[in-house]
Amino acid sequence: MNATQPQPADELALIGRLTHQRSTVLEALLAVDDFVSAQVLHAQLIAAGTRVGLSTIYRTLTALAEAGRADTVRDTDGERLFRYRPGREHRHYLICRSCGRSVAVDSDTVETWAERTGAAHGFAQVEHTVELTGLCAACATACP
């Protein structure tokens, strides 16, 4: 972990009791650049010789998402995927449908639109989900 990444204890303080297993899950999530499922994270940890229960991984990832420290999307099968969120601000991603590569995108226009649309109809505390998918340059080149 480099100096710019958060320390597990700081992040885990947001979601409750600091345990070795929660710390291990957070460190594994920090090591992944793109969205990842709980099952894939579990398989990676098992392959590395680390024993953490799948239910612990789900609970930790869900708690991080609820605390605003992980973003979630659904894959084409409806499975939740997680990615560490370095700040508390809401983010949107462009995700490759083929390889899963994800890139955070500027979403000020979407945020402003959602806020204005809600206000225009008398709504407050409007939440929204925007998922942008496509093929990254490498996958688009590989497809005929």
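For R116, the conditions (1) over 18 Å from the mean Cα position of the chain (by Cα); (2) basic (K, R); (3) within 16 Å of F35 (Cβ to Cβ) are fulfilled apart from (3).
Quick test for you: out of G53, G49, pick the one residue that is surrounded by fewer than 17 Cβ atoms within 10 Å (Cβ to Cβ), at positive phi and not hydroxyl-bearing (S, T, Y).
Details: G53 fails: at positive phi.
On inspection, the qualifying residue turns out to be G49.
Criterion applied to H90, H42 was being outside any strand (DSSP E or B), on the phi < 0 side of the Ramachandran plot and touching an Asp or Glu at 6+ places or on another chain (Cβ under 8 Å), and the one residue passing it is H90. Considered as a group, the residues in region 74-110 that are among the β-branched types (V, I, T) and in the same structural domain as A138 (by TED's automatic domain parsing) include one that is nearest to A142 (Cα to Cα), and that residue is I95. When we screen A70, A124 for residues that are at pLDDT 90 or above, among the small types (G, A, S) and not assigned by TED's automatic domain parsing to the domain that holds L18, the only hit is A124. The lone criterion from (1) modelled with pLDDT under 85; (2) not in a helix (DSSP H, G or I) left unmet by T50 is number (1).
The values are calculated or read from the model by the stated rules, or taken from the named source; none is laboratory data. In this text the structure is predicted, and so the values were computed from the model without any measurement. A quick note on method: Cβ atoms are made from the backbone with ideal geometry, for glycine too, and the neighbour counts reach across all protein chains shown.
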